[in-house]
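Down below is the structure, laid out as structure tokens.
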Ligand code: ADP
Ligand code: F6P
């Protein structure tokens, strides 16, 4: 393939820029013309794209967000939208496309692949909810952001002998909640993957630790469960511990990407170019057991991810 496109789609994630940089630089190094497509599938439908060169990606490896901007594009999901995207891709001579995004974006890539535009997906989402990957770009930075925010909350929570009930992102997945919850020493972690009983898993657990002298508490709740305001009220009523709810929200999506996100995004970007250069499309690049691998895009979308329940058990075993 001589001309490839690159776009970022769905929720942005820190490290996406490092992936773009790698695609552009490695693509150019391999004699390819690389087109940067703005605002995800919207830009593909509208022909909003430009040729990138080695210098177009200078000074971006350290920046959160995405220099190509991102979008959620309902129009692209329609047959007319898809046709428009294919026509534009052909008009610009795009022979292969790198799609950096989550599983929704990969579904779009799968549909384009089925219609003759070979795509390679790179997992970019803070949620870490892509089945074929142990790790997605942005997840590490998001967890570190949660950690920093909860450490700050802990200061004030401790000073006032309070309970902080904190909602973290993750859409329907509990990866951020579980791992950031362990790292910030949460008394209780509630995630969608595990059924919970509020009385047993929060109130009784708090009472038990209160009886051993604990006076302040952090409860981490995944977005997929939600309801932190009501939880804080119930905790206050039932335990007598003054409680506050905090929803961390979109701060979790921004910020300087961590080493891990930058390195993995860079390696994944190179892998995507290698695949397209060899004429291989319809793949998803993934990180598994610290190795960069690739999967058939259809197979990847049919895989199921399961969270390690033993980690969940251990997290609570040490938070008493
Ligand atoms: P993410 O990629 O982070 O999961 P979304 O689910 O919002 O984010 O998907 C991003 C975009 O991918 C959507 O706005 C849409 O244009 C496209 N997309 C999502 N789901 C599909 C689908 N089932 N078929 C085709 N395109 C899709
Ligand atoms: O997929 C990333 C994510 O930040 C999820 O954690 C969250 O549910 C969603 O996107 C928020 O979407 P939006 O930016 O459209 O509010």
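Note on segment 161-171: among residues that are more than 8 Å from residue 222 (Cα to Cα) and touching a strand residue (DSSP E or B) at 6+ places or on another chain (Cβ under 7 Å), the one that is farthest from ligand 2 (Cβ to nearest atom) is 162. Residues in segment 172-203 that are over 18 Å from residue 147 (Cβ atoms), touching a strand residue (DSSP E or B) at 6+ places or on another chain (Cβ under 9 Å) and surrounded by fewer than 22 Cβ atoms within 10 Å (Cβ to Cβ): 172, 192, 193, 196, 198, 201.
Is it true that residue 314 is loosely packed, with under 14 Cβ neighbours inside 10 Å and in contact with a helix residue (DSSP H, G or I) (Cβ under 9 Å, 6 or more places away or on another chain)?
Criteria met by residue 314.
Residues that are touching a strand residue (DSSP E or B) at 6+ places or on another chain (Cβ under 6 Å), within 11 Å of ligand 1 (Cβ to nearest atom) and at pLDDT 95 or above: does segment 22-39 have at least one? For segment 22-39, residues touching a strand residue (DSSP E or B) at 6+ places or on another chain (Cβ under 6 Å), within 11 Å of ligand 1 (Cβ to nearest atom) and at pLDDT 95 or above: absent.
Specify the residue that is nearest to residue 106 (Cα to Cα); the eligible residues are those in segment 264-309 that are assigned to a strand (DSSP E or B) and within 16 Å of ligand 1 (Cβ to nearest atom). So, considering only residues that are assigned to a strand (DSSP E or B) and within 16 Å of ligand 1 (Cβ to nearest atom), the one nearest to residue 106 (Cα to Cα) is 284.
A single entry from 27, 40 fulfils the requirement of being at positive phi and crowded, with 23+ Cβ neighbours inside 10 Å: 40.
Residues of segment 244-263 that are under 13 Å from the mean Cα position of the chain (by Cα), part of a helix (DSSP H, G or I) and more than 13 Å from ligand 2 (Cβ to nearest atom): 261 alone. Residues considered: 171, 162, 154, 200. Of these, the only one that is within 12 Å of ligand 1 (Cβ to nearest atom) and modelled with pLDDT of 95 or more is 171.
Is it true that some residue in segment 239-253 is touching a helix residue (DSSP H, G or I) at 6+ places or on another chain (Cβ under 6 Å), under 20 Å from residue 173 (Cα atoms) and free of Cβ contacts under 8 Å to residues at least 60 places away in the same chain? The answer is no, given that none of the residues of segment 239-253 is touching a helix residue (DSSP H, G or I) at 6+ places or on another chain (Cβ under 6 Å), under 20 Å from residue 173 (Cα atoms) and free of Cβ contacts under 8 Å to residues at least 60 places away in the same chain.
Which ones in segment 175-203 are more than 13 Å from residue 319 (Cα to Cα) and more than 27 Å from the chain's Cα centre (by Cα)? Hits for segment 175-203 are 197, 198, 199, 200, 203.
Within segment 7-17, one or more residues are under 24 Å from the mean Cα position of the chain (by Cα), within 16 Å of ligand 1 (Cβ to nearest atom) and surrounded by fewer than 24 Cβ atoms within 10 Å (Cβ to Cβ). Scan segment 237-244 and tell me whether some residue there is crowded, with 17+ Cβ neighbours inside 10 Å, at negative phi and within 16 Å of ligand 1 (Cβ to nearest atom). Among the residues of segment 237-244, not one is crowded, with 17+ Cβ neighbours inside 10 Å, at negative phi and within 16 Å of ligand 1 (Cβ to nearest atom), which makes the answer no.
The values are calculated or read from the model by the stated rules, or taken from the named source; none is laboratory data. Since we're looking at a predicted model, the values are computed, not measured. Positions of Cβ are generated from backbone atoms using ideal geometry, with glycine treated the same way; all protein chains shown enter the neighbour counts.
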